[in-house]
């Protein structure tokens with residue numbers, strides 16, 4: 001991957017993953033969204049998606065293990081997660097690999113929708129337990145397709161998981177489970193298409209270091225910064241970034 005020998009691009013990659021890890025450490029999500037959004041302006045989206053694999057996987061495993069009673073939550077979310085994996089692989093095999101077609105515009109639209117949901121005083125109604133049997137797989141399949149097209153895992157998985165009525169620590173753990181499965185599906189698809197070779201793997205290992213450092217720092221800052229203020233600034237930034245990428249992808 002030639003971008004590793006380009007010092008300005010390398011600096012941008014390291015700074016991006018430091019920032020993305022910091023945000024994830026504070027609010028429990030945002031690493032792939034920030035990484036794909038910012039890196040998409042300096043490198044090809046497919047290269048950004050390849051760099052994302054190891055930082056996302058390791059930080060998400062850290063997140064899902066940091067909580068009680070993982071087994072029951074895994075069983076509850078299993079149908080959704082199987083559908084996430086299937087949707088991601090189907091999307092990649094169908095040619096939705098990030099960087100093709102309208103991927104930049106799609107990423108911008110996804111960021112805009114996610115930011116708008118986070119900023120508006122809207123909350124989805126709680127999903128009743130009887131609906132999880134069909135809603136979970138449907139949301140998982142759609143999330144997989146969005147992951148394949150954009151490299152971003154948050155839609156519509158995050159709003160759905162928030163609507164399950166999980167208490168805060170369980171929700172953070174559930175997000176870690178969903179993001180881990182999405183990352184594994186994306187990595188498998190990229191590897192099968194030759195998009196995750198030795199150069200990409202080396203770049204992903206390098207990106208892991210600032211991501212972990214940022215996540216550790218974010219965990220420390222979590223207790224010092226108002227979560228509501230930080231979250232509002234975060235979503236405003238995503239709104240601006242999403243608008244820029246959507247404009248860029250359509251012109």
- request: Only residues that are surrounded by fewer than 21 Cβ atoms within 10 Å (Cβ to Cβ) and out of contact with any helix residue (DSSP H, G or I) (no Cβ under 6 Å at 6 or more places or on another chain): list them for region 29-57, please.
  value: 41, 44, 46
- prompt: Hey, residue 216 hits all of (1) free of Cβ contacts under 8 Å to residues at least 12 places away in the same chain; (2) part of a helix (DSSP H, G or I) but one; which does it fall short on?
  reply: (1)
query: Of the conditions (1) at pLDDT 85 or above; (2) surrounded by fewer than 23 Cβ atoms within 10 Å (Cβ to Cβ), residue 177 fails just one. Which one is it?
result: (2)
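Just for helices (runs of 4 or more DSSP H) wholly inside region 31-111: which have at least 3 residues that are modelled with pLDDT under 85 and closer than 14 Å to residue 153 by Cβ?
31-39, 45-65
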query: Looking at (1) at pLDDT 90 or above; (2) under 19 Å from residue 58 (Cα atoms), which is the one condition that is false for residue 151?
result: (1)
query: For residue 172, all conditions in the list (1) surrounded by fewer than 24 Cβ atoms within 10 Å (Cβ to Cβ); (2) more than 15 Å from the chain's Cα centre (by Cα) hold save one; what is the number of the exception?
result: (2)
message: Which residue is nearest to the chain's Cα centre (by Cα), if the candidates are limited to region 112-145 and must be without any contact (Cβ under 8 Å) to a residue 40 or more places away in the chain and assigned to a helix (DSSP H, G or I)?
response: 135
query: In region 16-30, which residues are farther than 14 Å from residue 203 by Cα and in a helix (DSSP H, G or I)?
result: 18, 19, 20, 21, 22, 23, 24, 25, 26, 27
- request: Filter region 219-251 down to residues that are in contact (Cβ under 8 Å) with a residue 24 or more places away in the chain and outside any helix (DSSP H, G or I) and give me whichever is farthest from residue 59 (Cα to Cα).
  value: 225
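The values are calculated or read from the model by the stated rules, or taken from the named source; none is laboratory data. On a predicted model such as this, the values are computed, not experimentally measured, just so you know. Every residue, glycine among them, receives a Cβ derived from its backbone with ideal geometry; neighbour counts consider all protein chains shown.
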